[in-house]
1. For the list (1) among the polar types (S, T, N, Q); (2) surrounded by 14 or more Cβ atoms within 10 Å (Cβ to Cβ); (3) in contact with an Asp or Glu (Cβ under 8 Å, 6 or more places away or on another chain), I need the number of the one condition that S176 fails.
2. Specify the residue that is surrounded by the most Cβ atoms within 10 Å (Cβ to Cβ); the eligible residues are those in the range 72-100 that are under 13 Å from the mean Cα position of the chain (by Cα) and either among the aromatic types (F, W, Y) or more than 16 Å from G160 (Cβ to Cβ) (or both).
3. Report every pair of residues separated by at least 6 positions or lying on different chains whose Cβ atoms are under 6 Å apart, first residue within the range 213-234 and assigned by TED's automatic domain parsing to the domain that holds S252 and at pLDDT 95 or above, second acidic (D, E) and in a loop (DSSP other than H, G, I, E, B).
4. For a quick check of your reading of the model, give me the residue pairs whose first member lies in the range 58-72 and is farther than 14 Å from L29 by Cβ, whose second is of a type in the set (S, T, Y), with beta-carbon atoms closer than 9 Å and at least 6 apart or on different chains.
5. For Q189, only one of the following conditions fails: (1) surrounded by fewer than 20 Cβ atoms within 10 Å (Cβ to Cβ); (2) within 17 Å of the chain's Cα centre (by Cα); (3) assigned to a strand (DSSP E or B); (4) free of Cβ contacts under 8 Å to residues at least 40 places away in the same chain. What is its number?
6. Can you tell me which residues in the range 28-50 are surrounded by fewer than 16 Cβ atoms within 10 Å (Cβ to Cβ) and among the acidic types (D, E)?
7. In the list I253, I184, which residue meets the criterion of being modelled with pLDDT of 95 or more, in contact with a Lys or Arg (Cβ under 8 Å, 6 or more places away or on another chain), closer than 19 Å to L269 by Cβ and part of a strand (DSSP E or B)?
8. Here are A106, A135, A124: which of them is loosely packed, with under 15 Cβ neighbours inside 10 Å and among the hydrophobic types (A, V, I, L, M, F, W, C)?
Amino acid sequence: MTDPVRSTLLLLGAVVACAATTSPEHAVLQSFPVGAHSAARYEVGFGECADARCPVEVRLADDHATLAREALDWPAVTTETYEADIDPISGVGDPLAPPKGTLWVAGEDESSLSVFARPVRLTAERNGLLVDEAAGFDHVKRRHYLFVERDGSLARVWTGSEGQGPVLTTTAVRGSADGTRDEIVYFDQVRFPFGDAVDELTVTSLRWDAAQAKLSQSPASGIYAVVFGPFADVNAARNVAAEHPECFAEFSILPSERFVSLPAGSAVLAAVTAAERNATETLSRVGKCATAQRGKVLEVR
């Protein structure tokens, strides 16, 4: 199934992107510190190409040597890259507020591969590295990875993989109240383009357990949504979204019982986020776009 949103955004991105540059094999695209008391750093770059497959590598290095390396699951077809804007299909950041940073893109059309990397505070003095890949053009799939330094080596401690079908996953990073560590919020959505079934939403919290030296996972709390409705059924909600496609591109159709204070049995248009302020800002924007509809900010159950 062709994704017109993805096609338009990538074409626009190609127009505004910086001129493509070729990164030599083993060159470093980006680097990030491991922590305050470590001389090591995380690096993201390309490995050695073979048969038009150029592995994207995460490395652990210091000023003297590469200490460890691990290839991501999806290689690029070239080391020629350009920088592009983060779009809603790239799987990077909060669904309503993409982060700042560089999205690297290699290849074109169905062979395109985007990579985004950012540090995650595991503790006050130690960082991990979160990396997002998105592959394809009309049929985009995303994969997410968390790497940590462990005893001078590199460990992949989590991989977020998408299932088959119209799935959209993305990773947001939000800080703790005391600012000493980060939480990864993993959004996994199934958005059906037609039919009577409501969409599906799972939001998972990933936190580093320093005492156990491992990643813990649990259902996320503190998740908010911009909600319009309720509507009598899925088709009624879908019709409203179709009347205002420019307003509701980020919205899913979810059952009303997923939201605090709404009774069960109806369908709503909802756009989810890990920060209430993002929902408030989106409500204001969409309210000016779809003036006949009335929305609210609600917490997700």
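1. If we test S176 against (1) among the polar types (S, T, N, Q); (2) surrounded by 14 or more Cβ atoms within 10 Å (Cβ to Cβ); (3) in contact with an Asp or Glu (Cβ under 8 Å, 6 or more places away or on another chain), just (2) comes out false.
2. Initial filter on the range 72-100 (under 13 Å from the mean Cα position of the chain (by Cα)): 86-100.
Right, trim to either among the aromatic types (F, W, Y) or more than 16 Å from G160 (Cβ to Cβ) (or both) and you get 86-88, 96-100.
On the way: I86: 20, D87: 20, P88: 17, L96: 22, A97: 15, P98: 18, P99: 14, K100: 7.
By that ranking, first place goes to L96.
3. Between residues of the range 213-234 that are assigned by TED's automatic domain parsing to the domain that holds S252 and at pLDDT 95 or above and residues that are acidic (D, E) and in a loop (DSSP other than H, G, I, E, B), the close pairs are V234/D196.
4. Pairs that qualify, where the first residue is farther than 14 Å from L29 by Cβ and the partner is of a type in the set (S, T, Y), are L60/Y42; L60/T66; L60/S153; D62/S38; L67/S153; A68/S153; E70/Y145.
5. (4)
6. E48
7. Values: I184 fails: closer than 19 Å to L269 by Cβ.
On inspection, the qualifying residue turns out to be I253.
8. Numbers: A106 fails: loosely packed, with under 15 Cβ neighbours inside 10 Å; A135 fails: loosely packed, with under 15 Cβ neighbours inside 10 Å.
Only one candidate passes the filter, namely A124.
The values are calculated or read from the model by the stated rules, or taken from the named source; none is laboratory data. These numbers were taken from a predicted model, which means no experiment stands behind them. Cβ sites come from the backbone with ideal geometry, for glycine too, and all protein chains shown count toward neighbours.
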